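Asks: Questions regarding the structure given below will be posed in turn.
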Amino acid sequence: MTNLNVCRPLLEQHPVLKEKLPHTPLGALPTPVERLRQLEAACEARTTSLFVKRDDLSGAPYGGNKVRKLEFILPYVQAKGYKEVLTFGGAGSNHALATVLYAKKMGIGCISMLIDQPNAHSVRRNLLMSLQPNAELHLSPNMVAITAASIKELFAHKWRNGVFPYIIPPGGTFPLGMIGFVNAALELKVQVDNGELPEPDYIYAASGSMGTVVGLMLGLKLAGLKTKVAAVRVTELKFTSMKKARRLYDGTVRLLHKQDSRFPLLPFPAGDFQLNHNFYGDAYGLYTPEAMEAVQLLNETSGIHLEGTYTGKTVAALLADMKSGKLDNKTVLFWNTHNSNDFSNDIASTDYHDLPGAFHKYFEADVQPLDKGRSVSE
Ligand SMILES: *Cc1c(COP(=O)(O)O)cnc(C)c1O
């Protein structure tokens, strides 16, 4: 018998949270789990069982990991009477794009404060897709400039609309958004209980702003799973660190406990949370040879499309750990955080000249060397 209540197990298992937390089911959940048999064969992994969590299929028009956070953030914003959100990201930010698209669905405006990043086809695609009637895009060269520009926009919008925009931190990573990944781990628990996969020993996932990996860690503890999180750092140390993980974890526990005193005060499980710093390369958004090899291998063996900023680096770490013997006799789940909905039709007739002038350089200059020769729709 299918249980129709399993889609947001956190809310079903904690009726008080369901009553208190504004939530809109923006995503198509649960996402499937699949075994990666051909990848196992290609790696001659005789004793490692590899699975993928298909969060790339988490929603339309835009999948990936951000919709899980936005399901809790945007309804809260709406309930509090805000008309607009202001958020941050790299020029090709998946988070900023997801926020634009789902805010549009909910009739909310979105101001995207973006910062320069290495050029790539995906940057161009995301920028073109961000040309939406509810969106306003700004580009800054560095952190100081983006801070100043954000303050300016906050006041400009307050002046125009009478209310400040609601500020969503980079990546949608703060306790409210992370609830989406606490729920995601409970969703996985249901899949384990249904026999779709054995209880994983490890989940490999990219750590950009840490909301995904830390939210999962908390949800795994709540579910009583033994699964460890192998977080692969893809951003600068100031965005991904053990200290930040602990702060986010404790903050999310406090928020959920405050809403529902039955939610347990779980301590941060430092021993179960591993942070891998070795696959970052030289910069955020700058592809590495190992990441691009991993992208190609996954595409060839499973038809899954990854990219070089997050998921390629993550799978590169997974493959290296497999080679070293760390994953012998283990069940490993790669959490695919990258959207795989093809939106090339939606942007076919858009023109980059409709973007603010500061963004034109991404279309007029070359993409980074390791992204050359790849197609625009990949
Ligand atoms: C944003 C993003 C991540 C990182 O998620 P965080 O919660 O910010 O750590 C990973 N993969 C992809 C494809 C993303 O867009």
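Asks: Six or more apart or on different chains, Cβ atoms under 7 Å: show the pairs whose first residue is in region 326-347 and over 13 Å from Lys53 (Cα atoms) and whose second is within 16 Å of the ligand (Cβ to nearest atom) and of a type in the set (Lys, Arg).
Replies: Going by the 7 Å Cβ cut-off, the qualifying pairs are Ile347/Arg125.
Asks: Now a separate question. If you take just the helices (runs of 4 or more DSSP H) that sit entirely in region 287-356, which of them hold at least 3 residues that are buried (at least 16 other Cβ atoms within 10 Å of the Cβ)?
Replies: Where helices (runs of 4 or more DSSP H) fall fully within region 287-356 and carry at least 3 residues being buried (at least 16 other Cβ atoms within 10 Å of the Cβ), they are 289-302, 311-324.
Asks: Something else: What pairs come up if the first residue lies in region 128-145 and is within 19 Å of Glu84 (Cβ to Cβ), the second is polar (S, T, N, Q) and surrounded by fewer than 19 Cβ atoms within 10 Å (Cβ to Cβ), and their beta carbons are under 6 Å apart, counting only those six or more places apart or on different chains?
Replies: Pairs found: Leu131/Thr350.
Asks: Have a look at Thr252, Thr212, Thr240 and point out the one that is within 21 Å of Val67 (Cα to Cα), in contact (Cβ under 8 Å) with a residue 12 or more places away in the chain and out of contact with any helix residue (DSSP H, G or I) (no Cβ under 8 Å at 6 or more places or on another chain).
Replies: Being within 21 Å of Val67 (Cα to Cα), in contact (Cβ under 8 Å) with a residue 12 or more places away in the chain and out of contact with any helix residue (DSSP H, G or I) (no Cβ under 8 Å at 6 or more places or on another chain) holds for just one of Thr252, Thr212, Thr240, which is Thr240.
Asks: Related question: Working only within region 205-240, note down all residues that are surrounded by 17 or more Cβ atoms within 10 Å (Cβ to Cβ) and in a loop (DSSP other than H, G, I, E, B).
Replies: Our first condition is that a residue be surrounded by 17 or more Cβ atoms within 10 Å (Cβ to Cβ); within region 205-240, this holds for 205-223, 225, 227-235, 239-240.
Within region 205-240, Gly208, Ser209, Met210, Leu225, Thr227, Val234, Thr235, Phe239, Thr240 qualify.
Asks: While we're here: So, in region 235-265, of the ones that are β-branched (Val, Ile, Thr) and within 18 Å of the chain's Cα centre (by Cα), which residue ends up farthest from Thr314 (Cα to Cα)? If you could, list the steps in order and put the result at the bottom.
Replies: Let us first name the residues in region 235-265 that are β-branched (Val, Ile, Thr), namely 235, 240, 252-253.
Retained after the next criterion (residues that are within 18 Å of the chain's Cα centre (by Cα)): 235, 240, 252.
Working: Thr235: 12, Thr240: 14, Thr252: 24 Å.
Result: Thr252.
Asks: Okay, moving on. If you go through region 73-84, how many residues are surrounded by fewer than 24 Cβ atoms within 10 Å (Cβ to Cβ) and either of a type in the set (A, V, I, L, M, F, W, C) or within 13 Å of the ligand (Cβ to nearest atom) (or both)? Lay out the reasoning, then the answer.
Replies: The first filter runs over region 73-84 and keeps only residues surrounded by fewer than 24 Cβ atoms within 10 Å (Cβ to Cβ), leaving 75-84.
Right, trim to either of a type in the set (A, V, I, L, M, F, W, C) or within 13 Å of the ligand (Cβ to nearest atom) (or both) and you get 77, 79.
The total comes to 2.
Asks: Looking only at strands (runs of 3 or more DSSP E) that lie completely in region 74-185, which have at least 2 residues being over 21 Å from the mean Cα position of the chain (by Cα) and modelled with pLDDT of 95 or more?
Replies: Result: 135-140.
Asks: Then there is this: Go through region 323-347 and report how many residues are within 26 Å of Ser58 (Cβ to Cβ) and away from the ligand (no atom under 16 Å from the Cβ).
Replies: Residues meeting the conditions: 8.
Asks: To continue, here is another question. Please work out which residue is surrounded by the most Cβ atoms within 10 Å (Cβ to Cβ), limiting yourself to region 14-26 and to residues that are within 22 Å of Asn65 (Cα to Cα) and in contact (Cβ under 8 Å) with a residue 60 or more places away in the chain.
Replies: Leu26
Asks: Can you report the number of residues in region 360-372 which are in a helix (DSSP H, G or I), of a type in the set (A, V, I, L, M, F, W, C) and touching a Lys or Arg at 6+ places or on another chain (Cβ under 9 Å)?
Replies: Count: 1.
Asks: Restricting attention to region 190-233, which residues are among the charged types (D, E, K, R) and within 16 Å of the ligand (Cβ to nearest atom)? Full working, then the answer.
Replies: As a first pass, look at region 190-233 and keep what is among the charged types (D, E, K, R): 193, 196, 199, 201, 221, 226, 228, 233.
Across region 190-233, the qualifying residue is only Arg233.
Asks: May I ask you to say which residue of Arg54, Arg68, Arg35 is more than 13 Å from the chain's Cα centre (by Cα), closer than 19 Å to Ala184 by Cα and basic (Lys, Arg)?
Replies: Arg35
The values are calculated or read from the model by the stated rules, or taken from the named source; none is laboratory data. Quantities reported herein were computed from a predicted structural model and do not represent experimental measurements. Cβ: placed from backbone, ideal geometry, glycine included. Neighbour counts: every protein chain shown.
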